[in-house]
1. Any residue in segment 105-124 that is touching an Asp or Glu at 6+ places or on another chain (Cβ under 7 Å), in a helix (DSSP H, G or I) and at pLDDT below 90?
2. Sort out which residues of segment 26-59 are part of a helix (DSSP H, G or I), without any contact (Cβ under 8 Å) to a residue 12 or more places away in the chain and not β-branched (Val, Ile, Thr), and write them in order of number.
3. Determine, yes or no, whether residue 7 is outside any helix (DSSP H, G or I), surrounded by 15 or more Cβ atoms within 10 Å (Cβ to Cβ) and not small (Gly, Ala, Ser).
4. Please verify whether residue 20 is touching a helix residue (DSSP H, G or I) at 6+ places or on another chain (Cβ under 8 Å), at pLDDT below 95, more than 21 Å from residue 138 (Cα to Cα) and among the charged types (D, E, K, R), treating the condition exactly as stated.
5. Any residue at all in segment 60-82 that's of a type outside the set (Ser, Thr, Tyr), surrounded by 21 or more Cβ atoms within 10 Å (Cβ to Cβ) and not in a helix (DSSP H, G or I)?
Amino acid sequence: MPMEKTYQLHGHKLLVEFNEKLIRVKKPHALRKFLSENIEERSDALVALIKSDYVTLFSKELDISTDSLAIEIWGHVYASYFARAMKNLIKLKLVENFADFIITRSDTIDCGEADVDSNRKFWDMLANFKGLILTFLPKRMK
């Protein structure tokens, strides 16, 4: 049975649902605002809390590395951010439809262990480039 926890961090209310082998970050708009400053520090703090609470709830560690979980969260948050920007800048139906698809997919932030998340290997691979990826992310978002 899923369990939810609300984190109050830097004035932001973040909701995380915990399931066996899977966490789901809800209310991505609040997450976007939370990550609008000090993304690396805030991401690391949130991931540490999630992983700690997972151990408390399930008596075992979530089998996702800290960097992989942070990168997956960024992937969802920033894919949606860039898709919205693209949609506003380029007024072509094909671009708008593609942007809507990205926005819809990135607003669901499910992060699971490899046996329940077919994208885990992708995020694990990208985790090796966390520092480089960080240099390409916007320094501040609205």
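The values are calculated or read from the model by the stated rules, or taken from the named source; none is laboratory data. These numbers were taken from a predicted model, which means no experiment stands behind them. Virtual Cβ from ideal backbone geometry, glycine too; neighbours counted across all protein chains shown.
1. no
2. Of everything in segment 26-59, those that are part of a helix (DSSP H, G or I), without any contact (Cβ under 8 Å) to a residue 12 or more places away in the chain and not β-branched (Val, Ile, Thr) turn out to be 29, 41, 52.
3. yes
4. no
5. yes
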